[in-house]
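Here the structure is laid out as structure tokens; the discussion comes afterwards.
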Amino acid sequence: MAERIKCVIIGSGPAGYTAAIYASRANLAPVLYEGMQPGGQLTTTTEVENFPGYPEGVDGNEMMDQLKQQALRFNADIRSGRITEADLSSWPYKLKANTDYEIEAESIIISTGASAKYLGLADENKYRGKGVSACATCDGFFFRKKIVAVVGGGDTACEEALYLSQLCQKVYLIVRKNYLRASDIMKKRVEERENIEVLFEHNTVGLWGEGKVQGAHLVKRKGEADEQNVDIEIDGFFLAIGHQPNSSLFKGQLEMDEQGYILTKGNSTATSVEGVFAAGDVADSVYKQAVIAAGSGAKAALDAEKWLASKE
């Protein structure tokens, strides 16, 4: 027999844990499934300095544990594991946890986040948190007056390079093609910034360094007759080749944009299915910041509370 739950929160991180805090205080008796990466993306970083309330900064794992403990204080039911199936065709919604445990959910808050795209190099994992980052806004501060590289050729990569150029001594922009895919205005800004050097037709094939990133191995015109090996000395390596929203569980059931971000209505967290709400990076293709994710988690819980009240 399926377990009937008033509010199921799928995914943890700032959005999920904040939703659990608010939903618990509203007596919704929420059950949160933490997913494959309890605590979300911030558990892969070290110091977080841009979240309000931590004047000296805080370790990402420590901050997520504090959010989790706050939710537990208000009796949120936080469970390990993940939701593996979802059927939103009729209410109450049918879910399966950890492949076989059946749940009937009266409301759902989706906070599954988005995963940064990486090149797939073994060195990216080796140096993650030791010079490798997928968020210039989050980690750029640690590379003040240092030399960094940004990988990518679109608007996001240009934005990251421009942001870092205000902090760093020099920024290499590593572009696989022989042109930037970015908008004309972004191209112009990059070209005009003196401490940004664009490396066209370069591919990163490895990183090196003793305990932290100290350089990158590049190949110019990879696979062509005039292929060249190029090494650059850097202190930081930033990926800006996009994010993948973790929304595949709901594909074909919820309205999404072409990238897979869940679409919400107006200024709310309501999705295209009544009683289903989306918070955090899974519904945010623009900001991708912890404080914004936390705020949207609060909104989702308030929206769920209001919707459940209307059903009574």
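The values are calculated or read from the model by the stated rules, or taken from the named source; none is laboratory data. Since this is a predicted model, take the numbers as computed values, not measurements. Backbone-built Cβ (ideal geometry, glycine too); neighbour counts: all protein chains shown.
At a glance:
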| item | result |
| --- | --- |
| Counted residues, segment 281-312 - those being part of a helix (DSSP H, G or I), of a type outside the set (D, E, K, R) and free of Cβ contacts under 8 Å to residues at least 40 places away in the same chain | 3 |
| So S272, is it surrounded by fewer than 18 Cβ atoms within 10 Å (Cβ to Cβ), in the same structural domain as G40 (by TED's automatic domain parsing) and at pLDDT 95 or above | yes |
| Scan of segment 272-298 for residues that are touching a Leu at 6+ places or on another chain (Cβ under 7 Å) and under 14 Å from M256 (Cβ atoms), ordered by number | S272, V273, V276 |
| Count of residues meeting criterion [modelled with pLDDT of 95 or more and not basic (K, R)] in segment 135-152 | 7 |
| Failed criterion for K117 (all others in (1) farther than 30 Å from V273 by Cα; (2) basic (K, R); (3) touching a strand residue (DSSP E or B) at 6+ places or on another chain (Cβ under 9 Å) hold) | (1) |
| Subset of segment 201-244 [out of contact with any Lys or Arg (no Cβ under 7 Å at 6 or more places or on another chain) and part of a loop (DSSP other than H, G, I, E, B)] | G209, E210, Q214, R221, K222, G223, E224, A225, D226, I234, A240 |
| Which listed residue is assigned by TED's automatic domain parsing to the domain that holds E274, buried (at least 17 other Cβ atoms within 10 Å of the Cβ), without any contact (Cβ under 8 Å) to a residue 12 or more places away in the chain and not acidic (D, E), from V48, V58 | V58 |
| For D77: the one exception among (1) in contact (Cβ under 8 Å) with a residue 24 or more places away in the chain; (2) buried (at least 19 other Cβ atoms within 10 Å of the Cβ) | (2) |
| Among the candidates I292, I232, residue that is in the same structural domain as C135 (by TED's automatic domain parsing) and among the β-branched types (V, I, T) | I232 |
| Qualifying positions in segment 24-53 - more than 20 Å from L72 (Cβ to Cβ) and either under 18 Å from the mean Cα position of the chain (by Cα) or hydroxyl-bearing (S, T, Y) (or both) | M36, Q41, T44, T45, T46, E47, V48, E49, N50 |
| Residue within segment 84-105 that is over 26 Å from L308 (Cβ atoms) and either assigned by TED's automatic domain parsing to the domain that holds A136 or aliphatic (A, V, I, L, M) (or both) present | no |
| Cross-chain or 6+ apart pairs with Cβ under 6 Å, segment 137-152 first and within 21 Å of H202 (Cβ to Cβ), then in a helix (DSSP H, G or I) | V148/L164; V150/A157; V150/E160; V150/A161 |
| In segment 20-75, residue modelled with the highest pLDDT [restricted to those that are polar (S, T, N, Q), closer than 21 Å to V282 by Cα and in a helix (DSSP H, G or I)] | N61 |
| D257 out of contact with any Pro (no Cβ under 7 Å at 6 or more places or on another chain), acidic (D, E), buried (at least 19 other Cβ atoms within 10 Å of the Cβ) and in contact (Cβ under 8 Å) with a residue 12 or more places away in the chain | no |
| Selection count where residues are buried (at least 16 other Cβ atoms within 10 Å of the Cβ) and free of Cβ contacts under 8 Å to residues at least 60 places away in the same chain, scope segment 83-95 | 0 |
| Matching option when the condition is of a type outside the set (A, V, I, L, M, F, W, C), touching a strand residue (DSSP E or B) at 6+ places or on another chain (Cβ under 6 Å) and in contact (Cβ under 8 Å) with a residue 60 or more places away in the chain, among G35, G16 | G16 |
